[in-house]
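The values are calculated or read from the model by the stated rules, or taken from the named source; none is laboratory data. Source: prediction; values computed, not measured. Quick reminder, even Gly has a Cβ in these numbers, built from the backbone with ideal geometry, and neighbours come from all protein chains shown. Note: areas computed on protein heavy atoms with side chains; ligands, DNA, RNA excluded. Shrake-Rupley method; radii C 1.70, N 1.55, O 1.52, S 1.80 Å.
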Amino acid sequence: MRYHNQLGKKPLAHILITLAWLTLQPHCLRADAPSQTTMPKRPAPAVTLFVATGGNDSNPGTHERPFATLERARDEIRKLKQRGPLPKGGIVVAISGGCYQVTKTFTLAAEDSGTAAAPIVYRAGGEEMPIFSGGLRLKDFKPVTDTAILKRLPEEARGKVVQVDLAAHGLKNIKPLILGGFSSGRGFITHPLKELFFEGRALPLARWPNEGFARIENVELDGHSIHGRSGRKTGRFTYQGDRPQRWKEDKDAMLYGYWFWGWADSYEPVESIDTKRREITLKPPYHKYGYRKGQPYHAINLLSEIDRPGEWYIDRDTSLLYLYPPSDPNKAVVMLSTFDHPFVEMKNVSHVSFERLVWEFGCGDAVHIIGGEHCLLAGCTIRHCGGNAVTI
């Protein structure tokens with residue numbers, strides 16, 4: 001989990017966005033008490049709209065007949081603003097506890113702004129924090145029986161790996177796995193990433209070696225040199241040993257490494273493996289600094305390397321997910337992050353707050369705040385997301 005703040009060209013004085021007591025789990029970013037932002041003093045809201053999991057967007061948004069979605073509450077606020085200025089005290093959208101399945105980004109534009117005297121607050125309506133989830137709970141895991149798949153699995157994992165049909169869960173046409181890194185040719189940006197969680201714990205994609213790194217045996221020099229260190233500009237190198245021979249049938253194997261410098265990493269998809277020459281060729285675009293003899297790397301996303309509890313792999317052609325479960329998966333909560341977009345996106349919005357809400361199981365960034373001023377995230381939790389928690 002990374003906290004990312006990008007101010008761009010707008011002067012800092014015009015971007016007064018505050019994050020108060022924002023919990024980023026499992027790696028938490030918390031402000032120490034002396035540095036915490038004091039919650040603004042607000043008058044009692046003039047209008048309160050209600051949202052609940054059992055609500056209906058055709059309802060009037062009262063406590064007895066709540067809306068079902070934030071979008072409906074936002075649209076109701078727009079209607080109120082069309083009739084005249086916001087009433088002093090502003091508007092609260094009180095959201096009941098429970099889990100809200102997210103299928104699209106909640107977007108706010110300048111027209112959705114409040115004012116200093118009439119702020120707009122989206123907050124938990126009671127003690128229970130509402131959860132906005134981009135995840136899919138997986139059920140009905142079955143033992144692997146396909147002899148071709150069993151043959152590809154490490155011998156020690158056969159009979160222990162299970163599979164689940166993602167298409168039967170409504171997940172089809174799964175996007176290719178794309179990852180970047182600091183010096184990746186694919187950019188140092190968020191690439192939406194599906195992740196698997198077992199009883200709330202993130203599980204690792206199948207990898208080799210299980211710990212540490214292998215080393216590039218050699219590269220054929222092509223005149224590429226940086227600060228007196230010679231290497232190769234394009235991704236082709238030889239490896240030690242025979243381990244990659246078992247990866248020949250893995251269609252989307254990927255290597256993670258520090259290919260030229262010990263501080264410049266990237267994920268590199270494998271294009272081909274020549275087992276006779278012990279040579280791996282990577283797919284372009286290549287690592288920005290090139291490749292050098294002796295540099296460390298490890299392989300990930302290989303069915304053939306599921307050899308310890310927790311490792312997993314998705315076959316995107318068959319929509320089957322394979323898992324070496326830590327315990328019986330049919331008695332556990334197993335979640336796959338599936339939502340590829342930000343949960344919240346605010347553009348040029350002012351005087352809007354989100355308080356005591358949870359966003360979880362997103363494949364990418366959780367919250368984007370672009371421009372605007374005097375916006376607040378307070379007491380919120382962001383967890384199990386594949387990109388940045390908050391980008392401002």
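Of note:
- Of all residues in segment 364-382, one or more are in contact (Cβ under 8 Å) with a residue 40 or more places away in the chain, surrounded by fewer than 21 Cβ atoms within 10 Å (Cβ to Cβ) and of a type in the set (Ser, Thr, Tyr).
- Looking across segment 173-190, the residues that are in contact (Cβ under 8 Å) with a residue 24 or more places away in the chain, within 16 Å of Pro269 (Cβ to Cβ) and not hydrophobic (A, V, I, L, M, F, W, C) come down to Lys175, Pro176, Gly180, Gly181, Ser183, Ser184, Gly185, Arg186.
- Which numbered condition Arg207 fails, given (1) in contact with a strand residue (DSSP E or B) (Cβ under 6 Å, 6 or more places away or on another chain); (2) of a type in the set (D, E, K, R); (3) farther than 30 Å from Val333 by Cα: (3)
- Among residues of segment 53-82 that are touching a residue at least 24 places away in the same chain (Cβ under 8 Å), those with a beta-carbon under 9 Å from a residue that is in a helix (DSSP H, G or I) and surrounded by fewer than 15 Cβ atoms within 10 Å (Cβ to Cβ) at least six positions away or on a different chain give the pairs Arg78/Glu111; Lys81/Glu111.
- Residues (aliphatic (A, V, I, L, M) and either assigned to a loop (DSSP other than H, G, I, E, B) or open to solvent by 20 Å² or more (accessible area, probe 1.4 Å) (or both)) located in segment 71-100: Leu80, Leu86
- So Lys194, is it of a type in the set (Lys, Arg), in a loop (DSSP other than H, G, I, E, B) and surrounded by 14 or more Cβ atoms within 10 Å (Cβ to Cβ): yes
- Any chance Phe182 is part of a loop (DSSP other than H, G, I, E, B), in contact with a strand residue (DSSP E or B) (Cβ under 8 Å, 6 or more places away or on another chain) and aromatic (Phe, Trp, Tyr): yes
- If the condition is being in contact with a Phe, Trp or Tyr (Cβ under 8 Å, 6 or more places away or on another chain) and closer than 17 Å to Gly97 by Cβ, then segment 122-142 contributes Tyr122, Arg123, Gly125, Pro130, Ile131, Phe132, Ser133.
- Arg42 vs. criteria within 15 Å of Ser353 (Cβ to Cβ), touching a residue at least 24 places away in the same chain (Cβ under 8 Å) and open to solvent by less than 60 Å² (accessible area, probe 1.4 Å): no
- Taken over segment 230-265, the criterion of being open to solvent by less than 10 Å² (accessible area, probe 1.4 Å) and at pLDDT below 95 is satisfied by no residue.
- Screening segment 217-326 for strands (runs of 3 or more DSSP E) wholly inside it with 2 or more residues that are free of Cβ contacts under 8 Å to residues at least 40 places away in the same chain returns the ranges 265-274.
- Selection of segment 101-123 for residues being over 16 Å from Glu355 (Cβ atoms), open to solvent by 60 Å² or more (accessible area, probe 1.4 Å), among the charged types (D, E, K, R) and not in a loop (DSSP other than H, G, I, E, B) yields only Glu111.
- From Tyr297, Tyr324, Tyr291, residue being aromatic (Phe, Trp, Tyr) and open to solvent by 10 Å² or more (accessible area, probe 1.4 Å): Tyr324
- If you go through segment 332-359 and keep only what is in contact with a Ser or Thr (Cβ under 7 Å, 6 or more places away or on another chain), open to solvent by 20 Å² or more (accessible area, probe 1.4 Å) and under 19 Å from Leu136 (Cα atoms), you end up with His341, Pro342.
- Qualifying residue in segment 199-210 (condition: more than 30 Å from Val161 (Cβ to Cβ), open to solvent by 40 Å² or more (accessible area, probe 1.4 Å), within 28 Å of the chain's Cα centre (by Cα) and not aliphatic (A, V, I, L, M)): no
- Pairs, first without any contact (Cβ under 8 Å) to a residue 60 or more places away in the chain in segment 129-149, second aliphatic (A, V, I, L, M) and not in a loop (DSSP other than H, G, I, E, B), C-beta under 8 Å, six or more apart: Lys142/Val162; Lys142/Val164; Pro143/Val162
- Any chance Glu311 is within 21 Å of the chain's Cα centre (by Cα) and open to solvent by less than 10 Å² (accessible area, probe 1.4 Å): yes
- Qualifying residue in segment 212-223 (condition: open to solvent by less than 30 Å² (accessible area, probe 1.4 Å), within 32 Å of the chain's Cα centre (by Cα) and at negative phi): yes
- Scope segment 191-211; condition farther than 15 Å from Ala157 by Cβ and of a type in the set (A, V, I, L, M, F, W, C); matching residues: Leu193, Leu196, Phe197, Phe198, Ala202
- Test: Thr62 is open to solvent by 40 Å² or more (accessible area, probe 1.4 Å) and under 27 Å from Val390 (Cβ atoms): no
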